[in-house]
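Contents: one structure, followed by commentary.
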Amino acid sequence: MLSADFLHLEKDVEMVNANADIFHLDIMDGSFVPNISYGFPVVEAIASRAELPMDAHLMIVHPEKYVERFARTGVRMLSFHYDAVENPSEVLALIRSHGMQPGLAINPDIAVEKLYPFIEECSYLVIMSVFAGFGGQKFIESTYGRVAALKEEISRQGAECAVEVDGGVSPGNAAALVSAGADILVAGSSVFKAADPAAVIRSIRG
């Protein structure tokens with residue numbers, strides 16, 4: 001939703017309701033990442049009209065401080081960055097204790113192997129295919145290999161854990177990402193900047 005038209009947010013929320021599977025909410029604090037996105041008033045406004053599950057991606061320091069409040073807004077999936085906390089397991093357990101699905105995210109410069117010890121503690125893992133903090137970046141091609149390696153390790157551990165890819169996703173790379181092992185594709189600019197956003201979503205979904 002970071003790429004949505006905030007002057008006409010309700011219109012874009014209804015478009016997502018009618019065409020997609022989840023709402024992806026990018027939460028930036030200007031500290032963990034350079035930019036600031038939006039806070040609880042916007043999340044609550046989206047929640048008031050959302051008919052699909054909300055997936056909040058926290059690009060913030062001290063994500064543990066806000067877990068309870070995100071749960072109260074109705075967020076179903078909540079992820080944070082591996083390098084934003086000292087003990088990811090504690091925060092993952094906290095998220096689960098509030099009835100949400102916990103996720104762990106990494107930027108492109110962090111080895112995918114860092115996620116392996118947490119696979120069984122997560123409902124999903126987020127592979128950033130651009131660097132967190134900015135919309136509209138170019139997709140990083142090494143993402144395919146990272147997704148495939150993570151999917152292989154999830155299978156090796158016999159875990160039930162989805163792989164989410166976030167950043168630069170478009171109709172041009174969606175099929176290859178799914179082939180590599182992605183279960184959830186997050187698309188922002190390619191959808192909301194298109195003349196026909198619904199058609200782009202249909203194309204990405206295949």
Checklist entry - If we keep just the residues of region 54-106 that are in contact with an Asp or Glu (Cβ under 8 Å, 6 or more places away or on another chain) and in a loop (DSSP other than H, G, I, E, B), which is farthest from Ile127 (Cα to Cα)? => result His98
Checklist outcome for this item: By residue number, the members of region 108-132 that are over 22 Å from Glu160 (Cα atoms), surrounded by fewer than 20 Cβ atoms within 10 Å (Cβ to Cβ) and either at pLDDT 95 or above or touching a strand residue (DSSP E or B) at 6+ places or on another chain (Cβ under 6 Å) (or both) are Pro108, Asp109, Ile110
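This table checks each residue for (1) farther than 19 Å from Phe40 by Cα; (2) not aromatic (Phe, Trp, Tyr).
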{"position": "Met77", "(1), (2)": "no, yes"}
{"position": "Ala84", "(1), (2)": "yes, yes"}
{"position": "Pro88", "(1), (2)": "yes, yes"}
{"position": "Arg96", "(1), (2)": "yes, yes"}
{"position": "Gly99", "(1), (2)": "no, yes"}
{"position": "Gly103", "(1), (2)": "yes, yes"}
{"position": "Ile110", "(1), (2)": "yes, yes"}
{"position": "Leu115", "(1), (2)": "yes, yes"}
{"position": "Phe118", "(1), (2)": "yes, no"}
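Name the residue that is surrounded by the most Cβ atoms within 10 Å (Cβ to Cβ), counting only residues in region 43-53 that are assigned to a helix (DSSP H, G or I) and not β-branched (Val, Ile, Thr).
Ala47
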Item to check | Close pairs from region 116-143: first in a loop (DSSP other than H, G, I, E, B), partner of a type in the set (Ser, Thr, Tyr), Cβ under 7 Å, at least 6 apart | outcome: Ser129/Thr143; Gly135/Ser3; Gly135/Ser189; Gly136/Ser189; Phe139/Ser129; Ile140/Ser129
Item to check | Top-ranked residue of region 1-29 - restricted to ones that are closer than 21 Å to Gly168 by Cα and surrounded by fewer than 16 Cβ atoms within 10 Å (Cβ to Cβ), ranked as nearest to the chain's Cα centre (by Cα) | outcome: Asp21
Checklist entry - Any idea how many residues of region 4-36 are within 17 Å of Pro197 (Cβ to Cβ), out of contact with any strand residue (DSSP E or B) (no Cβ under 9 Å at 6 or more places or on another chain) and polar (S, T, N, Q)? => result 1
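The values are calculated or read from the model by the stated rules, or taken from the named source; none is laboratory data. A quick note: this is a predicted structure, and the numbers were derived from the prediction, not measured. Note that we place each Cβ from the backbone using ideal geometry, even for glycine, and neighbour counts take in every protein chain shown.
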